[in-house]
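The values are calculated or read from the model by the stated rules, or taken from the named source; none is laboratory data. Here the structure is a predicted model, which means the values were calculated and not measured. Cβ placement follows ideal geometry from the backbone for every residue including glycine, while neighbour counts extend to all protein chains displayed.
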């Protein structure tokens, strides 16, 4: 299935918006994609006061020259840092700032040594690109809504494939196939498909365990499409087993907690406070001890990105227009787990879910 967007971001404006007086070297590929649209697996971007130079090797040079119009492409024939330092020397640059996101210590040490030899001073700087990426523009929101819509279509079609005796691995493979079949470029992370008591592991790996009547089925999946991710979790009951009454009450509590979290996800609220509101619901149902992770996270070019909706990492104020997940869960060892996850846009009046599938309890 082909997919396209009639509009594309103004990459030149994005570059200008994050450029200051400093000359900045960017190595994190997700940042480079955000600023240029380049989606290779290797490359570096040099920002020079509103002008950008994309360093790529022979694998990506032709693609970059044809498709990345907001930058000047610099072909790299040897080591990337050698090419960058040579370029800086040729342009008589005396100071360069390295965007700290995505830089390995070993790489920073090597770059510093090369620059020292060339008489260039290197400093590490906090990323303004990461700040810019938190707020999603109209293009990004449109793309992410559509990516999630297609993900949910794929997940809905997968439900019809579920049958007794299939393994968790088989179900995960079917999800992945449907994600690609419906138009995804790839899965945005390794699909989670867990049955029965194994659903008490929030991020358990699919196994050869077979589905039996009465099992809980937990599916956490997402697709990457045109560079952006989706993320959804749904939990189903495969018939009514011996723990159905108990776990159906747990399901209702988790859904109530999610609704509370979505309602509280308003512009200007701290992520930690949204987490706390949902956690208070779980506590009222005596389930807080089984809610063992943060309530949610930002999602966009990366599956986990700022801002975080968590007691531990949620000091950041939620800006209007950011996209987060709200995904409370309860995981009872040797019994099972329930998680419900929606993607939500933060607005002045609270969170606005962009999912098309309901969160009602479903017994297959």
### Residue in the stretch 290-307 that is surrounded by 16 or more Cβ atoms within 10 Å (Cβ to Cβ), within 16 Å of residue 258 (Cβ to Cβ) and free of Cβ contacts under 8 Å to residues at least 24 places away in the same chain present
yes
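Keeping to the stretch 162-176, report how many residues are surrounded by fewer than 14 Cβ atoms within 10 Å (Cβ to Cβ) and out of contact with any strand residue (DSSP E or B) (no Cβ under 6 Å at 6 or more places or on another chain). Write out each step before concluding.
Our first condition is that a residue be surrounded by fewer than 14 Cβ atoms within 10 Å (Cβ to Cβ); within the stretch 162-176, this holds for 163-165.
Now restrict to residues that are out of contact with any strand residue (DSSP E or B) (no Cβ under 6 Å at 6 or more places or on another chain): 163-164.
Qualifying residue count, the stretch 162-176: 2.
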### Query
Quick one: residue 351 ticks every box in (1) over 23 Å from residue 203 (Cβ atoms); (2) in contact (Cβ under 8 Å) with a residue 24 or more places away in the chain; (3) exposed (fewer than 14 other Cβ atoms within 10 Å of the Cβ) bar one, so which box is it?
(3)
### Query
Does residue 65 meet the test of being part of a helix (DSSP H, G or I), touching a strand residue (DSSP E or B) at 6+ places or on another chain (Cβ under 7 Å) and not assigned by TED's automatic domain parsing to the domain that holds residue 42?
no
### Query
Among 269, 274, which is the only one that is in contact (Cβ under 8 Å) with a residue 24 or more places away in the chain and crowded, with 22+ Cβ neighbours inside 10 Å?
274
### Query
Of all residues in the stretch 4-41, which are outside any loop (DSSP other than H, G, I, E, B), within 18 Å of residue 135 (Cβ to Cβ) and in contact (Cβ under 8 Å) with a residue 40 or more places away in the chain?
11, 14, 15, 17, 18, 30, 31, 33, 34, 35
